[in-house]
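Quick notes on the structure that follows.
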Amino acid sequence: MYNDIIKKNVIEDRKKYLSMGKIATKHHMPRSSVQRILLSAGKQKKKRGPKEKINKNDKRRLKSIVNSNFGKNIKTSSVNIIAELGLDVSRSTVCRNLKTLQYDYKALPSIFQISRIHKEKRVAAARAYVTDNIDWNKVIFSDEKLFSLHGCDSYYTWVCSNQSPYRVRKHIRSSGLMVWAMVLPSGLLSYEIMVGKQNTAKYIDIIAKFALPIIKLEMKPGFIFQQDNAPIHSSKKAKKFFHDSHVTLLNWPPYSPDINVIENVWQMISNILYKDGPMRNLKELKNQLHSAVTIFNEEKRDYVKNLYGSLPSRICDILQTNGARLKY
């Protein structure tokens, strides 16, 4: 073994660009010893940062989970990864590591075809909105959605940067809840669970007992109610009910979820609802749905107001694209 003084002299000679052979001759030592001293000095110079919370082995397993779930058509979230790997880290740590591994958190794409006739109707409706100078802050948006135990088709998932998420619908029936909801310009989201096979009478009952009392409490007279063109919405009986109740209906074009802000709200609710994976039974689904809506109403009202602010731009985009599907 060589003392610290000799080691220091060897390192200093190397800094003067002397070859290892000359250094060995100068200090009367084997060339291999010079090399060992220099390597040891190089290692000592490296400053170690904080220990990684996710080691290389866990990163390999992390990549394996994401790739496997993509192949099996299963949603991947940071919560699922932490549980499956048994990691003692935060969600942000997992997300940060996924991004360094070239993975992105992407939304399931919504793809459907719009016929020429439907495009023309969308353009006609958009022109009418501009001509009539619709005040969107007076419009209440509504919609129905099925939430099943295994998850819905609208969610975000981790996939490789060069991949796109997809979802194959299951052929077996899965229990779920059909939910009706409306969102007000104030950001308030209100919902009701629809029981059994739906018809016009049940729909009118929901509007009369649950929707109108809230609307009249929250909104000033002159509000406008939006609904799509489902048969139970557009029946003569339903139209008569709205007329007798002095409710102005918004003329709604077919195949236009891209200008209904509640579709964005459904996306947000789905992300909150299914963040921990599928539900075991309908009771758990009901509880999780209630929690998701409560969180939304407490934390996401500004999000809804921003959605309302985007409506003029959406209408202009429909006119500019001749009724094509918008990316909202």
Output the pairs from K202/K327; K220/K300; K197/K300; K119/K145; K220/K327; K53/K75 with a Cα-Cα distance over 30 Å in this structure; if there are none, say none. K202/K327; K197/K300; K220/K327
In 5 Å bins starting at zero, report the fraction of Cα pairs in the range 211-328 per bin as a rounded %. 2, 9, 14, 16, 18, 18, 15, 6, 2, 0
In degrees from 0 to 90, rounded to the nearest 10, what is the angle of the helix 56-72 Cα long axis to the longest principal axis of the chain? 30
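Cβ neighbours within 10 Å, averaged per peptide: list 21-30, 89-98 in order, most packed at the top. Show your work: numbers first, answer last.
Working: 21-30: 13.8, 89-98: 16.4.
Going from most to least packed, we get 89-98, 21-30.
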Could you calculate the contour length gain from R36 to R280, that is, 0.36 nm times the residue separation minus the distance between their Cα atoms, to one decimal place in nm? 81.7 nm
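Per residue, how much space in cubic angstrom lies within the convex hull of the C-alpha atoms of the range 1-41? Don't jump to the answer; show the numbers that get you there.
On the way: hull volume 2.5 nm³, N = 41.
Output value, Cα hull per residue: 61 Å³.
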Solvent-accessible area, 1.4 Å probe, carbon plus sulfur percent, for the range 197-310: 55
Taking only DSSP H segments of four or more residues, each worth -39500 (n - 2.57), what value at 222 nm results for the chain once the sum is divided by all its residues, to the nearest 500 deg cm²/dmol? -15000 deg cm²/dmol
For K22, give me every one of the aspartates and glutamates with a C-alpha distance below 20 angstrom, ignoring sequence neighbours fewer than eight places off in its own chain. D4, E12, D13
Take the Cα coordinates of the chain, assign each an equal point scatterer, and use the Debye formula without solvent to give log10 I(q)/I(0) at q = 0.09 Å⁻¹. -0.62
Express the accessible area of the chain per residue in Å², computed with a 1.4 Å probe while the remaining protein chains stay in the model. 60
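The values are calculated or read from the model by the stated rules, or taken from the named source; none is laboratory data. Predicted, not measured: the structure shown is a model, and the values here were computed from it. Here Cβ is always computed from backbone atoms with ideal geometry, including for glycine, and neighbour counts include all displayed protein chains. Ligands, DNA and RNA are excluded from the accessible area calculation, which covers all protein heavy atoms including side chains. Shrake-Rupley method; radii C 1.70, N 1.55, O 1.52, S 1.80 Å.
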